[in-house]
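To keep things clear, I will list the structure first and then write my remarks on it.
The values are calculated or read from the model by the stated rules, or taken from the named source; none is laboratory data. Note that this is a predicted model, so its numbers are computed, not measured. All Cβ positions, even for glycine, are placed from backbone atoms using ideal geometry, and neighbour counts span all protein chains on display.
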Amino acid sequence: MPDRPLISPPTKTRTFNGASDAQSDGKGGTVSAFHARPGAFIIPNPWDAGTAKLLAGMGFEALATTSLGLANTLGSVTVSLDAIIENCRMIAEATDLPVNADLENCGADDPKTAAKAITRAAEAGIVGGSIEDFTGDPGKPIYDFSLAVERVQAAVEAARALPFPFTLTARAENFLHGRKDLDDTIKRLQAFEAVGADVLYSPGLYDIGTIRTVVSSIGKPFNLVMGFADPTLTVPQLSEAGVKRISVGGAMERYALAAFLKCGREMKERGAFTFVREMAPIGEIRAAFG
């Protein structure tokens, strides 16, 4: 994988001697229960402590990190595993909500090395996380099938070794990287399910028909990311199609960047500042952050 920029390393970790924080407050079990109850639920993606607090204040039940959103805040296209873990820690500590982590390819090609990212995420206060089959190499973006399955199996074993329920999500990335091969995507998801993944995920599925086809081919909960799906779809429609968990990836952060760019262009091109009329109310922000 290419070298990726770092932020400051973690300053503290949880150790699993006796009950961990995540185990004692039941967050891991709570996330498992969300996936078992009827209907779909939304798990939005903050990118820092502040946005995590704002979403918690709105009443969401759980949060998920976004590696894309983090990379954008660092002014980069890619982000290191160390940076991802530290961002997980900040978001997990910002609220009392359970947090699921976008761990990309877990920072390594080798299955056993990649699986260590699951333990690191748990030590950072995370109760669920993903491993994907995107290599990070544009020349060969998707791991060969057998290696992809071995990596998921190793991640599952690391998750099961934790002293609390850790929801392991396995991602098949074909559709995001120029391989619109639905049969191969389904084959991978089914194999990931067979080795023990708790949740299955294939970003890039767009239309409701394709989503139904994928969901009907698996027996574990499916996560749909709306950052790449038909934006007219609604929670009731997705729930009826069998989707269990709905995330948005980096979409909210990119929407925030769109507003930022609009403000900058108004000042630069028009010498105007009308955007201040649409600022978030300071009282609302202080209430969330306080």
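Could you tell me whether any residue of the range 229-238 is within 23 Å of residue 116 (Cα to Cα), touching a Leu at 6+ places or on another chain (Cβ under 7 Å) and either surrounded by fewer than 17 Cβ atoms within 10 Å (Cβ to Cβ) or not charged (D, E, K, R) (or both)? No.
Of the residues making up the range 41-51, at least one is within 16 Å of residue 201 (Cβ to Cβ), out of contact with any helix residue (DSSP H, G or I) (no Cβ under 7 Å at 6 or more places or on another chain), buried (at least 22 other Cβ atoms within 10 Å of the Cβ) and of a type in the set (Val, Ile, Thr). Please specify each residue of the range 232-255 satisfying the condition of being farther than 26 Å from residue 37 by Cβ and either over 29 Å from the mean Cα position of the chain (by Cα) or free of Cβ contacts under 8 Å to residues at least 60 places away in the same chain (or both). Passing the criteria: only 255. Of everything listed in (1) in contact with a strand residue (DSSP E or B) (Cβ under 7 Å, 6 or more places away or on another chain); (2) surrounded by fewer than 17 Cβ atoms within 10 Å (Cβ to Cβ); (3) among the charged types (D, E, K, R), the single unmet condition for residue 245 is (2).
Restricting 208, 186 to residues that are of a type outside the set (Lys, Arg) and either modelled with pLDDT under 95 or touching a Leu at 6+ places or on another chain (Cβ under 7 Å) (or both) narrows the list to 208.
Note on the range 264-290: residues that are under 28 Å from the mean Cα position of the chain (by Cα), surrounded by 11 or more Cβ atoms within 10 Å (Cβ to Cβ) and not hydrophobic (A, V, I, L, M, F, W, C) amount to 1. Restricted to the range 20-139, the set of helices (runs of 4 or more DSSP H) holding at least 1 residues that are under 17 Å from residue 254 (Cβ atoms) and of a type outside the set (Phe, Trp, Tyr) comprises 49-57, 67-73, 81-94. Scanning the range 204-221 finds one or more residues that are basic (Lys, Arg), touching a residue at least 12 places away in the same chain (Cβ under 8 Å), surrounded by 16 or more Cβ atoms within 10 Å (Cβ to Cβ) and not in a helix (DSSP H, G or I). Of everything in the range 225-238, what is out of contact with any Phe, Trp or Tyr (no Cβ under 8 Å at 6 or more places or on another chain) and not in a loop (DSSP other than H, G, I, E, B)? Give them in sequence order. Of everything in the range 225-238, those that are out of contact with any Phe, Trp or Tyr (no Cβ under 8 Å at 6 or more places or on another chain) and not in a loop (DSSP other than H, G, I, E, B) turn out to be 235, 236, 237, 238.
Working carefully through the options 148, 121, 114, find the one that is on the phi < 0 side of the Ramachandran plot, in contact with a Gly (Cβ under 6 Å, 6 or more places away or on another chain) and modelled with pLDDT of 95 or more.
Working: 148 fails: in contact with a Gly (Cβ under 6 Å, 6 or more places away or on another chain); 114 fails: in contact with a Gly (Cβ under 6 Å, 6 or more places away or on another chain).
None of the other options fit; the residue is 121.
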